[in-house]
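A.B. asks: Starting off with a structure, shown below.
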Amino acid sequence: MLSAFPRIDLVGGPTALEPMHRISHVTGHPQLWIKRDDCMPLAFGGNKVRSLEFWIGEALARNSDVLVVAGALPSNQCRLAAAAAAKIGIDMLVLYAGDASAPLRGNALLTKRLGADIQMLGPVGEEERGRLARRTIAELEAAGRRPYLIGDPVLGALGYVRAAQELSEQAQALNLDLRHIVLPGSMGVTEAGMIFGAAILELPWTFHLVSVEYDAPTLRRRLDDILGDLAGLVGRALPSGYLDRVRIDLGQLGEGYGTPTPASLQAAALFARHEALMLEQTYVAKTFAGLLKLAEEHIIPPNEAACILHTGGTPAIFEQNYSD
Ligand SMILES: Cc1ncc(COP(=O)(O)O)c(C=O)c1O
């Protein structure tokens, strides 16, 4: 189904699927597993690497000679785009929403280290950032370059359509009857890809999207849009009723995107001390706090195996000075 789409290999093979024995002991849920998308060879890895396989595949198929990405300073996507560009040897322009005087830390510091050209757009919002990115693309074209703008959500979701198959094959090889998948609910790219992949394979997975950014109607709308476009792109309809398997969990949102909660800070400490897992606060720690709550409340019953997707974001930890 995906062979028609150009892709380059950046993930470097299946990421590990591991049991979390010590957390299982703490929670009383004996079957908690983790998919380690935080462990990839490319510059600390993370979910965006799977999308970049398709974005850069498309860029190379179009014979592009410069990649462009826009984001906020803590963006994992910008860091990983710069890493992929360094690895394959193509020019990279990163447009950061932020002040030129802002010190580069964490992800942004790594983006610079990876050799990307960096332009600071000033303190602009998401919409203005998109407009400026399109203007930059037009300027590059006018100067005779062949730019490719990274970030198309539908193409990016193909990475997680593949990941759903990868996870299902790993579970099968272990004789593991997975029933629940827990992952962050955010822009919808990772989520829609996994849901679509699982639906096409008719996997009996219930998805728990732990929202870290949006209210439920907004996240559903984002998912519906990407899923609809995905179905068009690959020429396969989403099996009817499959969306009933998608739960949106708003319980970890707290004061909103990027603001930790007592539960997310506790989760970061608990998973570090029991599983040596490193959780940043914007996406990952809230999602893991969600898993704890879902297990505690038996929304994920103890007799049904669950897997949480660790989406990475590790360098962000060094920008977040929250003590626990
Ligand atoms: C570490 C991490 N987890 C989760 C997400 C959310 O992924 P998506 O945008 O596909 O919803 C992001 C997005 O930036 C991320 O960097």
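A.B. asks: Report yes if Arg134 is under 30 Å from Asp215 (Cα atoms) and either in contact with a Pro (Cβ under 9 Å, 6 or more places away or on another chain) or surrounded by fewer than 19 Cβ atoms within 10 Å (Cβ to Cβ) (or both), otherwise no.
C.D. replies: yes
A.B. asks: With respect to Glu126, determine if the residue is within 16 Å of the ligand (Cβ to nearest atom) and surrounded by fewer than 15 Cβ atoms within 10 Å (Cβ to Cβ).
C.D. replies: Numbers: within 16 Å of the ligand (Cβ to nearest atom): yes; surrounded by fewer than 15 Cβ atoms within 10 Å (Cβ to Cβ): yes.
Taking the combined requirement at face value, the residue satisfies it.
A.B. asks: Which ones in region 258-303 are closer than 18 Å to Val182 by Cα, touching a Leu at 6+ places or on another chain (Cβ under 8 Å) and more than 16 Å from the ligand (Cβ to nearest atom)?
C.D. replies: Passing the criteria: Ala263, Leu270, Leu292, Ala295, Ile300.
A.B. asks: Please enumerate the residues belonging to region 229-253 that are surrounded by fewer than 17 Cβ atoms within 10 Å (Cβ to Cβ) and part of a loop (DSSP other than H, G, I, E, B).
C.D. replies: Once the filter is applied, which keeps residues that are surrounded by fewer than 17 Cβ atoms within 10 Å (Cβ to Cβ) and part of a loop (DSSP other than H, G, I, E, B), region 229-253 yields Gly235, Arg236, Ala237, Pro239, Ser240, Gly241, Leu250, Gly251.
A.B. asks: Okay, moving on. Only residues that are more than 14 Å from the ligand (Cβ to nearest atom), under 16 Å from Thr136 (Cα atoms) and crowded, with 16+ Cβ neighbours inside 10 Å: list them for region 63-95, please.
C.D. replies: Passing the criteria: Ser64, Val66, Leu67, Val68, Asp91, Met92, Leu93, Val94, Leu95.
A.B. asks: May I pose another question? Tally time: how many residues in region 289-324 are surrounded by 15 or more Cβ atoms within 10 Å (Cβ to Cβ) and part of a helix (DSSP H, G or I)?
C.D. replies: 12
A.B. asks: I'd like the full set of residues that are touching a residue at least 24 places away in the same chain (Cβ under 8 Å) and more than 21 Å from Trp33 (Cβ to Cβ), limited to region 244-262.
C.D. replies: Result: Ile248, Leu250, Gly251, Leu253, Gly254, Gly256, Tyr257, Gly258, Pro260, Thr261.
A.B. asks: Assess whether Thr218 counts as being modelled with pLDDT of 95 or more, in the same structural domain as Glu304 (by TED's automatic domain parsing) and either in contact with a strand residue (DSSP E or B) (Cβ under 8 Å, 6 or more places away or on another chain) or outside any helix (DSSP H, G or I) (or both).
C.D. replies: Spelling it out, it is not the case that Thr218 is modelled with pLDDT of 95 or more, in the same structural domain as Glu304 (by TED's automatic domain parsing) and either in contact with a strand residue (DSSP E or B) (Cβ under 8 Å, 6 or more places away or on another chain) or outside any helix (DSSP H, G or I) (or both).
A.B. asks: Check Gly241, Gly235 and return the single one that is at pLDDT 95 or above and more than 18 Å from the chain's Cα centre (by Cα).
C.D. replies: Gly235
A.B. asks: Related question: Looking for whichever is away from the ligand (no atom under 16 Å from the Cβ), of a type outside the set (D, E, K, R), farther than 21 Å from Gln31 by Cβ and in the same structural domain as Gln281 (by TED's automatic domain parsing) here; the options are Ala173, Ala199. Which one fits?
C.D. replies: Of the residues listed, the single one that is away from the ligand (no atom under 16 Å from the Cβ), of a type outside the set (D, E, K, R), farther than 21 Å from Gln31 by Cβ and in the same structural domain as Gln281 (by TED's automatic domain parsing) is Ala199.
A.B. asks: In addition: Considering region 22-63 alone, what residues qualify as being of a type in the set (Asp, Glu) and under 25 Å from Ala316 (Cβ atoms)?
C.D. replies: Asp37, Asp38, Glu53
A.B. asks: Scan region 17-33 and tell me whether some residue there is touching a Gly at 6+ places or on another chain (Cβ under 8 Å), crowded, with 18+ Cβ neighbours inside 10 Å, under 27 Å from His274 (Cβ atoms) and in the same structural domain as Ile308 (by TED's automatic domain parsing).
C.D. replies: No, that holds for no residue.
A.B. asks: On the given criteria, is Gly45 touching a residue at least 60 places away in the same chain (Cβ under 8 Å) and more than 20 Å from Ala171 (Cα to Cα)?
C.D. replies: Values: touching a residue at least 60 places away in the same chain (Cβ under 8 Å): yes; more than 20 Å from Ala171 (Cα to Cα): yes.
So Gly45 fits the description; yes.
The values are calculated or read from the model by the stated rules, or taken from the named source; none is laboratory data. Not measured: the values here are computed from a predicted model. With ideal geometry, Cβ positions are generated from the backbone for all residues, glycine too; neighbour counts draw on all protein chains shown.
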